[in-house]
Structure formats: structure tokens, C-alpha cells
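Working notes, structure below.
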Amino acid sequence: MKKWKRSARLVDMTRRLLRDPHRLIPLTHFAERYQAAKSSISEDLGIIQEVFHSGGSGELETVSGAAGGIRFLPRVDRPAAEELVDTLCRQLSDPGRILPGGYLYLSDLLGNTAMVREIGRVFASVFCDSRAEVVVTVETKGIPLAYATADHLGLPVAIVRRDSSITEGSVVTINTVSGSSKRLGSLSLSRRSLNEGVRVLIIDDFMKAGGTVRGMIDLMNEFHAQVSGVGVMTDTLLEERLVENYVSLTTVAEVDVKKREIQVVPGNLLHQGGWIHGQSTD
């Protein structure tokens, strides 16, 4: 096998690390692939680490020992988080988004793949240390955010359904009550979607009083799963909330349907420091 030039090694190693976040890659893998000494590979990784750190995109974690190696942990620094939150606040403040009941039209934002990818990267950074094994969301608008977050964390996704389907096989179903409208509903999850006892990260797009998120937490209890974090793109200012511990990127502070006025401000991601460390619902 032809020996790789150092410049080519750096590009290929960076591509591999970005493609498989959180996956532990043995140094011997790189040494054999590039026909290079481990000392040279370590020097290359030092250069990549410096670039990741200076660019605020993440960091490399070294695991020592015979079963050790290197893995890439996506991170978002505060300036990048502030920029994303500011962009979301501006776009969500458009009065044309107001829907009956004080809800907002979000489909265009959730269809913007670049923005969804960045939101997923922020959530992955926030919950990097949550030890989650599965990302859970509810159909339908939370799905893009869940997949983007899971991609950055290297995790699978489980989708909770509002109506069970024969294609899901055996399911677990619970009854729910909306925290804002008090309407009855149900949430279902296929037994094959989630192993019992795993740690899960719940991601959703919009939370009003938290009835849906509360329902997902209760549904996770049926699987004896531990919820290690909850992240939502947008929440609202309500005195009565069914969920307390969560991270929000933005907050709808005021909506006047008659006057067609809306005010959206940064959520607790920044002012509570949640963008640095994941907040557990334990």
C-alpha cells in the first residue's frame, strides 16, 4: 500500500472523525491505514485538535489503554450559540408565523437543512455528557431536529407516534392530557424501538405547557428508561408548566393574535449556561 502524504492524512483523518462523532477509533487503525508510526499519527491528531479547538467546532478525546483510541466530540462555543439563537429569534418574530391558539408556523425553519443541522449541533454540544443512548422525539415536526442531534451524537432515533400503526408491531401506549388545552390524547412507541433501561435524550420543536414532553417522559418510564435530558427549539412563558428541567433555544415571550404581534427572546440555553453542560431530568 502506498504511503500517504501528511497533508492527505490530515484531510482524511479529519473527514473520518467528523463522519463518526463519539465513535472511539483506535490509533492502530490510523497507523495501519496510512502506513505511519503511531507517534506521527499522534502529532497529526494534535494539529487537528488545535484546529477544532480554535474554530469552536469540537474537541478530540483520547482514551488510553489497550482498548483506547481517539474520538471526536462536537462542541459549540458561546459566540456560535448566540449567533444561532439570535437568528432563530429574528425569524420566529415574524407576525406572519402566528397560528390560531398562539402556535407558530415552523415548517420552513424545520425544512432548512443548514439551520436544522446547526440546531442539532448545539443540542449535541449541550447534552454531550448526558450519556444518552437513544434520541427520542414525537411525530412529526420534532423528527428533523432529533435526527440532526442524533447524527452529531452518533446515536439512533426512536419516534413516538400519536396513533399506533400495524407496521409498528407490538406497542406501548399511554394516555396524555395537553397542559394548555387539557385535551386528551395518546402516545405510542413500538417495543422494538427501545430497549428497556436505556438512557434517552428527548428532543422536540415546540413546547407550550409541556404536555407532550411530559407524556414522552411518562412513556419512557414504561420502558424503565432514564431521561438524561430534554431539549426544545422553542418554549413559551407560562406560569403552569408540566416539565421543569429542560433546555430551550428560544422563548415566545408574547403573542397577540388579534394585533398580530409576537415577541421571541433567547431561551434558557444561554442565560442558564445550559449550552455548556447538559441538564438532566433525573
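The values are calculated or read from the model by the stated rules, or taken from the named source; none is laboratory data. Just so it is clear, the model here is predicted, and its values are computed rather than measured. Every residue, glycine as well, gets a Cβ built from its backbone with ideal geometry; the counts of neighbours run over all protein chains shown. Keep in mind that these areas ignore ligands, DNA and RNA; they rest on the heavy atoms of the full protein, side chains included. Shrake-Rupley method; radii C 1.70, N 1.55, O 1.52, S 1.80 Å.
Among the residues of the stretch 194-211, the ones that are assigned to a loop (DSSP other than H, G, I, E, B) and open to solvent by less than 10 Å² (accessible area, probe 1.4 Å) come to 3 in all. Taken residue by residue, the stretch 135-150 has no member that is at pLDDT below 95, of a type in the set (Asp, Glu) and out of contact with any strand residue (DSSP E or B) (no Cβ under 7 Å at 6 or more places or on another chain). In the stretch 53-66, the residue that is least open to solvent (accessible area, probe 1.4 Å) out of those that are within 21 Å of residue 19 (Cα to Cα) and not in a strand (DSSP E or B) is 56. Applying a threshold of 9 Å to beta carbon distances and a minimum spacing of six or more residues, or different chains, the list of pairs starting in the stretch 256-278 at a residue that is farther than 17 Å from residue 121 by Cα and modelled with pLDDT of 85 or more and ending at one that is of a type in the set (Lys, Arg) and open to solvent by 90 Å² or more (accessible area, probe 1.4 Å) reads 264/90.
If you scan the stretch 9-29, which residues turn out to be open to solvent by less than 40 Å² (accessible area, probe 1.4 Å) and free of Cβ contacts under 8 Å to residues at least 24 places away in the same chain? Those that are open to solvent by less than 40 Å² (accessible area, probe 1.4 Å) and free of Cβ contacts under 8 Å to residues at least 24 places away in the same chain: 12, 16.
Taking the criterion of being under 20 Å from residue 164 (Cα atoms) and of a type in the set (A, V, I, L, M, F, W, C), the residues of the stretch 135-145 that qualify are 135, 136, 138, 143. For the stretch 47-82, the set of residues classified as out of contact with any Asp or Glu (no Cβ under 9 Å at 6 or more places or on another chain) and charged (D, E, K, R) consists of 50, 59, 61, 77, 78, 82, listed by residue number. Consider the stretch 36-52 and keep the residues that are among the acidic types (Asp, Glu) and open to solvent by 80 Å² or more (accessible area, probe 1.4 Å). The one that is farthest from residue 6 (Cα to Cα) is 50.
When residues in the stretch 174-193 are screened for being touching a Leu at 6+ places or on another chain (Cβ under 7 Å), assigned to a strand (DSSP E or B) and either modelled with pLDDT under 90 or open to solvent by 50 Å² or more (accessible area, probe 1.4 Å) (or both), 3 of them pass. Would you point out the residue of the stretch 153-167, among those that are in a helix (DSSP H, G or I) and either at pLDDT below 95 or more than 16 Å from residue 19 (Cβ to Cβ) (or both), that is least open to solvent (accessible area, probe 1.4 Å)? Going through the qualifying residues, I end up with 167.
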